[in-house]
Amino acid sequence: MITSGGTTTLGLYDFKIGIEQFGQTGYWVQKANGYPINKRIMLANGDIVKSTISGNMNDPNVDMTGWVNPKSYQDKLNLSIINYVNPKMFGGAGDGITDDTQAIKDCFSFMLANDAIFYDYSESSYLFTSAITVEAPNKTVNIATNCKLVSDTSILHIRGAVAEIGTITTAANKGSISITSSISVNAGDVIAIHNTVNNSFFNNAFTGREYYKDGEFKTVESVSGGVITFTSPLESSYDAALTNKVYKLNPVKCLIDGLSVESHGLGACIISMTHKSEINMKVKNLLNRDNSRFAFQIDRAYDCRITGGEYIKKGVALGGTDYGLAIVNCQDLLATPNYCYGGRHASAVGGAPGLATVPNRRVYIENAKLENDPTSELHVADFHGNTADSHYKNCHIYGRINLSGYSSKSIKNKIYMGVGEVRTPIGYTEVIGGNILSIGDEVLNAGASIYVMSWTTSLNPQFMTEKAVFGLIDITVHANTTLLGIFSMFNTPLDSSYIIDGFNVVGELPASFNRIYNYLAGAEAKKPVYIQATRPNFNITDAVTPISGDGALAGIPKRFYELSGSNANGSWTRLSDGTMICRAKLTATLPITTAVNGGFKSEGIQWIYPKTFVGDAPNIDAMSFDNVSASIRGTSKGSNGANLHSFSNVSLASAGINFDVKAIGRYLS
């Protein structure tokens, strides 16, 4: 029977004939002459089968020779008409107990061969007991479901492909829109340029990170006479060496909404070599097996989105890495997961060796809740050194954020350090250079940290290959009881600047808080070239030293917040460029009788400055307001005070001396 929609079905009338023909039950019975062709009977399990031969003597309950199940034909016909599939249509049970591995594989195979959609909102759990690898170069994997794929240790891996197709034959500079190569590509193709040996941007000195190499994904706009023009300029320079290889990406496009994957081995799910994907999944790896590494890994992804979902890797595994969300060698990726948890790192942006493993560029992780196991004492939100122009933004981060690579940023994040956590809330390790910034972050719980931002150790700066600016912009810190200052500085191998512009400490300042910056030389030779701290938004007093260790930073340009005050010795004003002016009004009644240079001078009038100067003794300037002093001059001066004298043209046994005095020097070296 043909329905109004054009689908062939087994008609109710045919079923009735089967029952009337072969008895009240319609079940198979042995007949002397067998069953004629096209006759239908019912099996013991309720299925209807049809004879395909005359005189059919076979019992279809045990031997289907000469019989066919029209329902199987019906299913296959439906599959060729509809545009969706699920594992149950291929024999899957979906109960989380029955092994559905083959049904899942068959489902994906049919789906790719027929451009179908994995569509299943039955809330089923499909068990797989061996790895499921979905090879889908230049295909779309479209999944809409609320179902779960579950396994003990096996991985679901959806991947495209990549192939080496040649090298750059003529040197190409950063900013160029094209390369020259004999490769065969077409407009719209995606390629990867990957320097497999040398490195023009990232530091080769990373021990254990030798795969940090230069490269980038590009989209081909046009091809003419061996010149391949791209839709955007090159981001690095490449010579004509054979090491500058070109790969063609044959990506999988993943449109995944609602799929859950749970497995507890090396990892649960990987998506590789993908372009223009949009992914919303729940991926979990919960049992903390030895050497387990991640819940979800996405690698060699170009212009993709992770929109929502949860990515959870529990435990600190022996020999493992324990990432909830691992983003590996990706470019132009926006991730907005709802929640990430990793035993060591909730999320990490890093790299691995392999073909077309370009640096991470413009990886943005936003609007996520990120947590890890505090006992791991590692970063919750992590960037590795092969990352450029990337950020975490508007996230709730329960632990430390680590800024590494080139121009990585933390923007408007809420940071909550664990109780007793001594590391700084914002840190950096594998820095290459550029602008390493925290912008608008709020540290709601600083744990037991003594600074807000710092290098992890004094050895980390060795990896820098470009100048760097380290900055805290509009930072807010809720005070703990251990805070010493805001920023800890070390020397670097190249020029570096440290900037705080807009900073607020909420709550009562602990007695320990006595500096803004702390400076130690560390392992490298080059001191900072510029230091700034401006726009404090809390009541900061002169008890707080701008830079602890400033004596070793003489002559380095500095700019700081202005501050003023007074005490019994006079008033003082600290200017933004490090200059300090001290003032006092002094009076004394003294004899002016000591002959000197044709005139007379008084006994010494000691002035202790209201604030101590650093470096060279300050310049002294005084103005007399009495009727006896021709001038007021200092005969000795130091960083703490000066000895002043009144000079007169005549000798006076007793004189009322009255003058204003000003000292101008430095409070910063």
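The values are calculated or read from the model by the stated rules, or taken from the named source; none is laboratory data. Bear in mind the structure is a predicted one, so any value in this text is a computation, not a measurement. Cβ coordinates were reconstructed from backbone atoms using ideal geometry, including for glycine residues, and neighbour counts include every protein chain displayed. Only protein heavy atoms, including side chains, enter the accessible area calculation; ligands, DNA and RNA are left aside. Shrake-Rupley method; radii C 1.70, N 1.55, O 1.52, S 1.80 Å.
Data table
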item	result
Flag if residue 192 is in contact (Cβ under 8 Å) with a residue 12 or more places away in the chain and part of a strand (DSSP E or B)	yes
Residue pairs meeting the criteria (Cβ under 7 Å; at least 6 apart or on separate chains; first under 23 Å from residue 577 (Cα atoms), in the range 496-516; second assigned to a strand (DSSP E or B) and of a type in the set (Lys, Arg))	501/535; 502/535
Of all residues making up the range 189-240, the number that are among the charged types (D, E, K, R), at pLDDT 90 or above and either open to solvent by less than 50 Å² (accessible area, probe 1.4 Å) or touching a Gly at 6+ places or on another chain (Cβ under 8 Å) (or both)	4
Residue in the range 565-577 that is nearest to the chain's Cα centre (by Cα), counting only those that are assigned to a strand (DSSP E or B) and surrounded by 15 or more Cβ atoms within 10 Å (Cβ to Cβ)	574
Qualifying strands (runs of 3 or more DSSP E) (wholly inside the range 456-540; at least 2 residues being at pLDDT below 95, hydrophobic (A, V, I, L, M, F, W, C) and over 29 Å from residue 214 (Cα atoms))	none
Hits in the range 123-135 (condition: open to solvent by 10 Å² or more (accessible area, probe 1.4 Å) and either β-branched (Val, Ile, Thr) or modelled with pLDDT under 95 (or both))	129, 133
Residue match in the range 377-390 (condition: modelled with pLDDT of 95 or more and either out of contact with any Phe, Trp or Tyr (no Cβ under 9 Å at 6 or more places or on another chain) or surrounded by fewer than 21 Cβ atoms within 10 Å (Cβ to Cβ) (or both))	yes
Residue 100 being open to solvent by less than 60 Å² (accessible area, probe 1.4 Å), free of Cβ contacts under 8 Å to residues at least 60 places away in the same chain, charged (D, E, K, R) and in contact with a helix residue (DSSP H, G or I) (Cβ under 6 Å, 6 or more places away or on another chain)	yes
Members of the range 533-564 found to be touching a residue at least 60 places away in the same chain (Cβ under 8 Å), of a type in the set (Asp, Glu) and surrounded by fewer than 16 Cβ atoms within 10 Å (Cβ to Cβ), listed by number	542
Hey, residue 328 aliphatic (A, V, I, L, M), surrounded by fewer than 21 Cβ atoms within 10 Å (Cβ to Cβ) and farther than 21 Å from residue 120 by Cβ or not	no
Positions within the range 491-506 being farther than 21 Å from residue 529 by Cβ and either under 23 Å from the mean Cα position of the chain (by Cα) or of a type in the set (S, T, N, Q) (or both), in sequence order	504
Residue that is farthest from residue 483 (Cα to Cα), among those in the range 408-432 that are open to solvent by 10 Å² or more (accessible area, probe 1.4 Å) and of a type in the set (Gly, Ala, Ser)	418
Any hit, the range 544-555, residues being over 21 Å from residue 627 (Cα atoms), assigned to a loop (DSSP other than H, G, I, E, B), of a type in the set (S, T, N, Q) and in contact with a strand residue (DSSP E or B) (Cβ under 7 Å, 6 or more places away or on another chain)	no
Some residue of the range 2-20 being open to solvent by 30 Å² or more (accessible area, probe 1.4 Å), at pLDDT 85 or above and either out of contact with any Ser or Thr (no Cβ under 6 Å at 6 or more places or on another chain) or not in a strand (DSSP E or B) (or both)	no
Meets criteria (modelled with pLDDT of 95 or more and either within 23 Å of residue 258 (Cα to Cα) or touching a strand residue (DSSP E or B) at 6+ places or on another chain (Cβ under 8 Å) (or both)) for residue 345	yes
Qualifying residues in the range 348-376 (those that are of a type in the set (Ser, Thr, Tyr) and either modelled with pLDDT of 95 or more or more than 21 Å from residue 447 (Cβ to Cβ) (or both)) - the one nearest to the chain's Cα centre (by Cα)	364
Residue 517, sole failed condition from (1) more than 18 Å from residue 409 (Cα to Cα); (2) open to solvent by 10 Å² or more (accessible area, probe 1.4 Å); (3) in contact with a Gly (Cβ under 9 Å, 6 or more places away or on another chain)	(2)
Matching residues, the range 530-558, being within 25 Å of residue 435 (Cα to Cα) and of a type in the set (Gly, Ala, Ser)	533, 548, 549, 552, 554, 555
All strands (runs of 3 or more DSSP E) inside the range 93-166 with 2 or more residues being among the aromatic types (Phe, Trp, Tyr) and out of contact with any Lys or Arg (no Cβ under 8 Å at 6 or more places or on another chain)	117-120
Count of the range 167-188 residues which are part of a loop (DSSP other than H, G, I, E, B) and either in contact (Cβ under 8 Å) with a residue 60 or more places away in the chain or buried (at least 19 other Cβ atoms within 10 Å of the Cβ) (or both)	8
Matching residues, the range 455-473, being touching a residue at least 40 places away in the same chain (Cβ under 8 Å) and either open to solvent by less than 40 Å² (accessible area, probe 1.4 Å) or touching a strand residue (DSSP E or B) at 6+ places or on another chain (Cβ under 8 Å) (or both)	455, 456, 458, 461, 463, 464, 465, 466, 470, 472
Some residue of the range 433-443 being over 16 Å from the mean Cα position of the chain (by Cα), assigned to a loop (DSSP other than H, G, I, E, B) and crowded, with 24+ Cβ neighbours inside 10 Å	no
Residues satisfying the stated conditions in the range 126-147, i.e. within 28 Å of the chain's Cα centre (by Cα) and farther than 18 Å from residue 278 by Cα	133
